[in-house]
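Chemist: Here you go, one structure.
All of the numbers you see were taken from the coordinates with simple rules; none came from a lab. These figures come from a predicted structure and were not determined experimentally. Every residue, glycine as well, gets a Cβ built from its backbone with ideal geometry; the counts of neighbours run over all protein chains shown.
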Amino acid sequence: MLLKHNILKLYLLKGFLWFMVAMPIIVLFFQENGLTLMEVMILQSVYSLTVAITEIPSGYLADYFGRKNSIILGTIFIFFGYLIFSNYSGFEIFILAEFLVAIGGSLMSGADSAIMYDTLLEINQEKQYTKVEGKTYAIGNFSEAIAGLIGGFLATSSLLLPVQIQASILFFCIPIAVSLVEPSLHKENKIEKGFKSVLKVVKHSLFENVKLRWLIIYSSIMGVASLSAAWLAQPFFKSLDIPLFYYGILWAALNITAGISSYSSHKTEEKYNTNNLRSKLGLFMSISFLMVYFLPNYFGLIFIFIIYYLRGVVTPLLKNQININTTSNVRATVMSVRSFVLRISFAIVAPILGYLADNNGLEDSYLILSVLIICVSTISVIGLKKGSVLS
């Protein structure tokens, strides 16, 4: 059955997409091209804002025209975005590249999880979703770890070379996407046509379904924490005067840490009460950011590793919880609503973090994040408990 091969193809797609040899030095690459750290964070804000704006429409397109078609278009846009990065320089042209990569990311976001869940649903293995999603995320992290080692080594000769290689690797994602098979479950039960149907899903996700709303909000703050940790890691290395050669090694170690925890995330989910687990994850994530604030030295690195470990646990677990509370015909749209809230939040927070890092010091960025995480995650957990009682 060709449908079963979807899971393997999604593993391969994640492996190629996350084989990011440029990531360990991307902030340094931007700075070498004349950007300040605030401009780097503005780039990420542009990326997140673009993803947020296009996220829900792209989720609808995936539900209506097919998740496979959406993923194919996504890989093409991402490839062309990195092609610009590798051939041009300057803040304005980099904004264009981020815009293309963002559109590609939004086309894939939600569509990949939706095609995975519906594939498992059709072959009666939907209970394996957290395990499969965790394995996918682990493959991505391990891939990024290996790429990090290579990228760090390549960067010692040229900061541009890893970016050029990155563009070449992303090209191979396109034929993998083309080979995916659309589950018949989705073909038979598509979302209704029209803008009103999109608004209906958004209304249901954020207003009518209390549990789904708080899951999305909780997932979003943890996503902001993960993204911020990734973009602040390299400036943190730089603040410690760590030689460039070790950036790739550290980046690899961080991603291996996230990969190990995500691979076994299904066991963590089975072991603990889900709501209690969410409480603990929010608390531990907040404390970890706070400890980096108090320890802006080599001891602080330990807590950055803890943040990555928690990141690996929380991502597959929350995607599974959202999928359980969602029907097949609107799955990609609901996942896009989640990403929309996440990206809007990060688009607001990222420039503030960059400004604080440039003017007050990197430590203040970690303090702000710690406060945000504990406040939003606590409110979300309380909302989820009330939602469970009402349902």
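Chemist: What does the helix-only formula give at 222 nm for the chain: each DSSP H stretch with n ≥ 4 adding -39500 (n - 2.57), the total divided by the residues, and the result rounded to the nearest 500 deg cm²/dmol?
Modeler: -27500 deg cm²/dmol
Chemist: Go ahead and run the numbers for FRET between Y355 and S157, Cβ-Cβ distance against an R0 of 35 Å, rounding to 0.05.
Modeler: Taking R0 as 35 Å, the efficiency between Y355 and S157 is 0.60.
Chemist: Here's another thing I want to ask about it. Compute the relative contact order of the chain as a whole-number percentage, counting only Cα pairs closer than 8 Å that sit 6 or more residues apart in sequence.
Modeler: About 30 percent, as a whole number.
Chemist: Could you tell me how far the Cα centroid of region 199-213 sits from the Cα centroid of region 216-231, in Å?
Modeler: Their Cα centres are 20 Å away from one another.
Chemist: For region 39-46, just list the computed ³J(HN,Hα) in residue order, Karplus coefficients 6.51, -1.76 and 1.60, θ = phi - 60°, integers in Hz, with x standing in for Gly and Pro.
Modeler: Working through the residues one at a time gives 5, 4, 5, 5, 4, 5, 5, 4 Hz.
Chemist: Now for a separate question. Computed over the Cα atoms, what is the radius of gyration of region 227-370 divided by 2.2 N^0.38 Å, N being its residue count?
Modeler: 1.14
Chemist: Tell me, E363, E208 in order of fewest to most beta-carbon neighbours within 10 Å?
Modeler: Details: E363 17, E208 10.
Listed from fewest to most nearby Cβ atoms, that is E208, E363.
Chemist: Counting other C-beta atoms within 10 Å, which of H5, H204 has the fewest, and how do the rest follow? Numbers along the way, then the final one.
Modeler: Working: H5 13, H204 18.
Listed from fewest to most nearby Cβ atoms, that is H5, H204.
Chemist: Suppose every Lys and Arg Cβ carries +1 and every Asp and Glu Cβ carries -1, with no other charges. What dipole size does the chain come out with about its Cα centre, to the nearest 20 debye?
Modeler: 1360 debye
Chemist: Counting other beta carbons within 10 Å of each residue's own, what order do C375, C173 fall into, fewest first?
Modeler: Ordered by Cβ neighbours within 10 Å, fewest first: C375, C173.
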